[in-house]
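Below: one structure, written as structure tokens.
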Amino acid sequence: MMKYQYYPGCSLEGTALEYNLSTQALMDSMGVELIEIEDWTCCGASAAESINHLLSLVLPARNLAIAEKQEDIRDILVPCSACYLNLKKAQEKTQKEPELRDRLNNILSQDQLELKGSVHVRHLLDVMAVDLGPDTIRPRVKRTFQDFRIAPYYGCQCLRPYPVFDDPEAPRSMEPLIEATGARLHPWSMGTKCCGASHMNTHMEVGIELVAAILRGAQGADAILTVCPMCQMNLEAYQRKICRTRNEDLHMTVLYLPQFIGLALGLSEKDLRLDLNLSITDRFRKKLDMS
Amino acid sequence: MQPLVKLFVNRYPETISERNEKAFYMDTATDLDRTNAVVTVSDDLAPVQEMVRACIQCGTCTASCPNEFAMDHTPRQLWRMVLMGQKEEIFQSKTFALCSACYYCTLRCPRGLPLTEAMDALKQIAAREEISKYKDSVQFYKNFLKSIRRHGRVNEMEFMTLYFAALKNPLAPLRFASLGLRLMLKGKVSLLPPFTRKRPLESIFRKVEELEERL
């Protein structure tokens, strides 16, 4: 049985609850065991890095150090791209700079924690595309989505700056997973464009501009799939405002990748918590009911 | 097919813009200087200069930046200003505050410079110096950290409430009111703090404060 340590991150306990539950439901149905890191804490998000560099490294390092105690499982699965990058950055930097690791360990020693550098941080998309892969998914498909056209949206931080499992300029890792469900790909160039991240809170006009361009690029697709709670929130939550102010119909269904794959594998909408998404269109719902 | 020259002009309109001229001749007073209060920054720019020392002013960062359209100076211009030590102009500008950390420039920089980290380093200076121009962004991040220092994990409702209170603008929450309500109806945000347990990050925060003398 495949096993991973699991770092859900703060968003997945709140605004991205459906990402958390659908990830767990999907992994469970594929026989993958997730073991949540005990007493995990916030990775610092984009806040720590904007205030203090040392703090931005020690917050993720604390979680890595706790994960290292579980010696038999080396990989940490992280669904949130921002958490993934923060944890990954702490892992990469401490491996390259032993002095930095000593500095962080000096801080962590107060809580009797020590970072040795033995765990690997893995994004959910990395695990789904590489460890599981379309060949594992295809034979389990119970419901095919031939009539669906899907726009894969990768966002930024699962791809850049560390090119780990995909091409950071022209990623394709979601494509075989989507095709395994029978769905077609929506051809577009917006899959790697920034959603504005926390601009929605601090510079809303700028964030709105970026999201509008992505939603426009997705027109013609039945849904956008995301692999990050911040991308998901930005793409789904401001659609009414964008459509109203631009006098354009840009409504678009936005689902998390494990929700869509989960549907194909026959998991129920209830298990995948589609009721929590903010922008499922009537058109998509009708099509889903007919499939 | 579009002629190459036209493509170039379309893709890099800023190379011929007035804005560009301004940044290059920054030693003469610009409109920007006259209309804004002078920003004094005592923090040393040296660590940021070190990060961008090898910049060749090619503009790949500017061409890759998704937020460039909203900036007053392009990223390329900002790096030049950093190297020239133009502190006042840098912290008058909103360029670094508009970096959304997409890491395109870092990925593509032909000199391999850590440009996103350099943007963060400028944000950190603005936060330490409490420059009023960036008050909103800094408040957003500081209140986020306040919430995680208290609970270990972020409580989205608490931190947005702290943020709105810090903005001292009674209209600010209105932009988020309908979204907040929708999230509450879905049970995604709660008015109650998430944990009753001890402050698991307190010792880390305290130690960082001690090492850095301040946060």
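Laboratory data are not the source of any read-out in this text; all were calculated from the coordinates shown. Since we're looking at a predicted model, the values are computed, not measured. Virtual Cβ from ideal backbone geometry, glycine too; neighbours counted across all protein chains shown.
Results, tabulated for the structure shown:
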quantity: Residues being buried (at least 20 other Cβ atoms within 10 Å of the Cβ) and more than 17 Å from the chain's Cα centre (by Cα) - total across segment A:243-264; calculated: 3
quantity: Candidate set: segment A:164-187, residues that are surrounded by fewer than 19 Cβ atoms within 10 Å (Cβ to Cβ) and part of a helix (DSSP H, G or I); chosen: the one nearest to the other protein chains (Cβ to nearest Cβ); calculated: A:GLU175
quantity: Test set (1) under 21 Å from A:THR41 (Cβ atoms); (2) more than 9 Å from chain A (Cβ to nearest Cβ); (3) of a type in the set (S, T, N, Q) - B:ASN143 fails condition number; calculated: (2)
quantity: Qualifying positions in segment A:242-254 - in contact with a helix residue (DSSP H, G or I) (Cβ under 7 Å, 6 or more places away or on another chain) and either within 13 Å of another protein chain (Cβ to nearest Cβ) or assigned to a helix (DSSP H, G or I) (or both); calculated: A:ILE242, A:ARG246
quantity: Residue check, A:ALA90 within 9 Å of chain B (Cβ to nearest Cβ), surrounded by 24 or more Cβ atoms within 10 Å (Cβ to Cβ) and within 20 Å of B:PHE144 (Cβ to Cβ); calculated: no
quantity: A:VAL119, sole failed condition from (1) surrounded by 15 or more Cβ atoms within 10 Å (Cβ to Cβ); (2) free of Cβ contacts under 8 Å to residues at least 60 places away in the same chain; (3) of a type outside the set (Lys, Arg); (4) touching an Asp or Glu at 6+ places or on another chain (Cβ under 6 Å); calculated: (2)
quantity: Hits in segment B:54-92 (condition: closer than 23 Å to B:LYS133 by Cα and within 14 Å of chain A (Cβ to nearest Cβ)); calculated: B:CYS65, B:PRO66, B:ASN67, B:GLU68, B:PHE69, B:ALA70, B:MET71, B:ASP72, B:PRO75
quantity: Helices (runs of 4 or more DSSP H) wholly inside segment A:11-99 that include at least 2 residues being among the polar types (S, T, N, Q) and farther than 29 Å from B:MET157 by Cβ; calculated: A:81-96
quantity: Helices (runs of 4 or more DSSP H) wholly inside segment B:129-189 containing at least 1 residues that are surrounded by 16 or more Cβ atoms within 10 Å (Cβ to Cβ) and among the polar types (S, T, N, Q); calculated: B:135-151, B:156-167
quantity: Search result, residues across segment A:188-238 that are more than 10 Å from chain B (Cβ to nearest Cβ), part of a helix (DSSP H, G or I) and more than 20 Å from the chain's Cα centre (by Cα); calculated: A:ILE208, A:ALA212, A:ARG216, A:GLY217
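Residue-by-condition table, conditions (1) touching a strand residue (DSSP E or B) at 6+ places or on another chain (Cβ under 7 Å); (2) buried (at least 19 other Cβ atoms within 10 Å of the Cβ); (3) among the small types (Gly, Ala, Ser):
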residue: A:SER11; (1), (2), (3): no, yes, yes
residue: A:ASP39; (1), (2), (3): no, no, no
residue: A:SER46; (1), (2), (3): no, yes, yes
residue: A:LEU57; (1), (2), (3): no, yes, no
residue: A:ASN63; (1), (2), (3): no, yes, no
residue: A:PRO79; (1), (2), (3): no, yes, no
